[in-house]
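Please treat every number below as a calculation from the coordinates, not as lab data. Quantities reported herein were computed from a predicted structural model and do not represent experimental measurements. Quick reminder, even Gly has a Cβ in these numbers, built from the backbone with ideal geometry, and neighbours come from all protein chains shown.
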Amino acid sequence: MARVTDALPDRRLLLVHAHPDDEVTGTGAAMAHYAAAGAHVTLVTCTLGEEGEIHVPDLAQLEAAQADQLGGYRVVELERACAALGVTDHRFLGGAGRYRDSGMMGLATNNHPRCFWQADLDEAASHLVKIISEVRPQVMITYDPNGFYGHPDHIQAHRVAMRAAELAGDQGPEKIYWTAMPRRVLAEGMAAFRELDDNPFAGVEDVADLPFGSTDEEIAARIDGTDHYDKKTAAMRAHATQIPDNSWLYGIAGGFGAEFMGVEYFRLAKGERGPASGPHGWESDLFAGLSAARTDPAGP
Ligand SMILES: [Zn+2]
């Protein structure tokens, strides 16, 4: 009997993100890099992002407090973003609309009965286990236990992804990475952006005051997607309701901008670190150390 993955490429990468647009800002360059390299890239988004702010004035009435139609609109933005990144396999956890955006930590929206923060962990994980069993990714990317910066849906995405990997057993990914940003790179960014009108680090005195940031030793992989900087930018443009036209993300100039947006960093949460290079001993490939084609323990 043919295995379900026979029709898929040898290298398969699964990403678990909280809202539409998270895939681009944190992992868009890596997604474009692996899609272009012929790997199968599967994106799972856990909510529709209904509680987001809207930066397009003509669409302002779609917001949760008015028409509450932002989620449906963001389905389309996400499709366009995936197309820009060259990613064809995209799913919503449990189907589009199963889990609602919980909003920022501490808001009343955290108590909505359908919100992701209120989801039953094993039920939510079971939706992901189905996808894992189908795609059999060797590598999975999600957030660290703090959801990178503390948003409840990001924390929940971490919990669901880690639980699903556990429940999938032998079918689960061999390597799990968490998105990360080296403090050293953040410090360089803070210095470079200090003069900007819309400095994203305005009001932050010290890199240690940011809710994220890893030491060089905590980082395991550095993925250079600067060749795909244009795709990442196009994917950001696809999320127009979330990323305003005049965002600093588009305003950063020169080589530092391409480096800041095109290079993405990861911590290794499960699996063995593969062959590495450079002064920090970081991997330059998330599949490093894995055999190209994974053998199915159940046999052909
Ligand atoms: Zn998010």
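Residue check: is Ile141 under 20 Å from Val24 (Cα atoms), free of Cβ contacts under 8 Å to residues at least 60 places away in the same chain and surrounded by 22 or more Cβ atoms within 10 Å (Cβ to Cβ)? Working first, answer last.
Values: under 20 Å from Val24 (Cα atoms): yes; free of Cβ contacts under 8 Å to residues at least 60 places away in the same chain: no; surrounded by 22 or more Cβ atoms within 10 Å (Cβ to Cβ): yes.
Spelling it out, it is not the case that Ile141 is under 20 Å from Val24 (Cα atoms), free of Cβ contacts under 8 Å to residues at least 60 places away in the same chain and surrounded by 22 or more Cβ atoms within 10 Å (Cβ to Cβ).
Rundown of residues vs (1) farther than 18 Å from Pro137 by Cα; (2) within 16 Å of the ligand (Cβ to nearest atom); (3) in contact with a Cys (Cβ under 9 Å, 6 or more places away or on another chain), yes/no style:
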site	(1), (2), (3)
His17	no, yes, yes
Ala37	no, no, no
Thr47	yes, yes, yes
Ala67	yes, no, no
Gly71	yes, yes, no
Leu85	yes, no, no
His90	no, yes, yes
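Return only the number of the condition from (1) within 16 Å of the ligand (Cβ to nearest atom); (2) crowded, with 23+ Cβ neighbours inside 10 Å that Leu13 does not satisfy.
(1)
If you check Glu53 against the conditions, is it charged (D, E, K, R) and within 18 Å of the chain's Cα centre (by Cα)?
Details: charged (D, E, K, R): yes; within 18 Å of the chain's Cα centre (by Cα): no.
No, not satisfied.
Does Pro152 count as buried (at least 22 other Cβ atoms within 10 Å of the Cβ), within 28 Å of Ile243 (Cα to Cα) and touching a residue at least 24 places away in the same chain (Cβ under 8 Å)? Let's see the steps before the verdict.
Numbers: buried (at least 22 other Cβ atoms within 10 Å of the Cβ): yes; within 28 Å of Ile243 (Cα to Cα): yes; touching a residue at least 24 places away in the same chain (Cβ under 8 Å): yes.
So Pro152 fits the description; yes.
Filter region 160-180 down to residues that are within 15 Å of the ligand (Cβ to nearest atom) and not in a strand (DSSP E or B) and give me whichever is surrounded by the most Cβ atoms within 10 Å (Cβ to Cβ).
Ala161
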